[in-house]
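Read the structure below first, then the notes.
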Amino acid sequence: MHRYFIELAYNGSEYNGWQIQPNAPSVQEEINKALTLLLKQEINVTGAGRTDTGVHASFFVAHFDSDVVIAHTQALTDKLNRFLGKNIAIKDIYAVQPDMHARFSAISRTYKYHINKNKNPFTYPFAYRPHPLPDIRLMNNACELLLRYEDFTSFSKLHTDVKTNICHLMEANWEETDEQLVFTIKADRFLRNMVRAIVGTLLDVGQGRITLEQFQQIIESKDRCKAGTSVPGNALFLCDIEYPPCKI
């Protein structure tokens, strides 16, 4: 068997996330069908992780195994892009070492969440506009607290099948542009719904609904019910995944 990585991007608005689900459209299912048809063999791609319903990826990685060597990966990339809908774009396909895994070999993942400062008809599908606009200074103070912890049970979807809620954060901060507030968070792994729950709770801090001390107590409580409401998925982007050198 020969293993290949696919680098891609997708607009998640019309999908129930990356992973195949019964009776719901998914990005994984679309790529499986396209590759199976084009390569004339049963292909099942494995993604770097799950994204929630409506969440986007400006950079995503998946891998698949082929019975035969794919001599012209650029040609396959071009064919896939013509075959798939406009909301999925294949950036590159390349051979990797056989022990590389799109999910388990990843060193880090980075997400960004976009908040519009003003009403904008051109960015509204991909940004959230809360009322009132939060205080970015307070939210960055909360981010400093967030970086002290490793157990994020308070921000995890309940009843998941993961063995641990430990994640190692490398970055968490808000930046302000002329039009937006943008949250960036980087970690070795993320729990289901974790980023959206963190952003929702940071907004509670930024809008004065909870104090920094209460934010810290929420993390330490390890109780999802005490954290804030998850923000909408339409403003969340998976934007980077890092791997060790793996191309053949």
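The table for this structure:
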item	result
Near pairs, Cβ below 9 angstrom, 6+ apart or cross-chain, from the range 53-67 (acidic (D, E) and in a strand (DSSP E or B)) to any residue that is surrounded by fewer than 23 Cβ atoms within 10 Å (Cβ to Cβ) and modelled with pLDDT under 95	D65/M1; D65/P98
Subset tally (residues that are in contact with a strand residue (DSSP E or B) (Cβ under 7 Å, 6 or more places away or on another chain), among the β-branched types (V, I, T) and assigned to a helix (DSSP H, G or I)) for the range 120-153	1
Answer from H131, H168 - the residue that is out of contact with any helix residue (DSSP H, G or I) (no Cβ under 9 Å at 6 or more places or on another chain) and more than 20 Å from V231 (Cα to Cα)	H168
Failed item in (1) in contact with a strand residue (DSSP E or B) (Cβ under 8 Å, 6 or more places away or on another chain); (2) open to solvent by less than 10 Å² (accessible area, probe 1.4 Å); (3) of a type outside the set (S, T, N, Q), with G17 passing the rest	(1)
Output for the range 174-208, where each listed residue is farther than 23 Å from G54 by Cα, out of contact with any Lys or Arg (no Cβ under 9 Å at 6 or more places or on another chain) and surrounded by fewer than 23 Cβ atoms within 10 Å (Cβ to Cβ)	E175, Q207, G208
Residues that are open to solvent by less than 30 Å² (accessible area, probe 1.4 Å), more than 21 Å from N193 (Cβ to Cβ) and part of a loop (DSSP other than H, G, I, E, B), drawn from the range 103-119	S105
Within the range 224-245, tally of residues that are surrounded by 13 or more Cβ atoms within 10 Å (Cβ to Cβ), of a type outside the set (F, W, Y) and part of a loop (DSSP other than H, G, I, E, B)	5
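The values are calculated or read from the model by the stated rules, or taken from the named source; none is laboratory data. Keep in mind that what you see is a predicted model, and the values were worked out from it rather than measured. Using ideal geometry, Cβ is built from the backbone for each residue, glycine included, and neighbour counts are taken over all protein chains shown. For the accessible areas, the whole protein counts, side chains as well, though only heavy atoms, and no ligand, DNA or RNA atoms are used. Shrake-Rupley method; radii C 1.70, N 1.55, O 1.52, S 1.80 Å.
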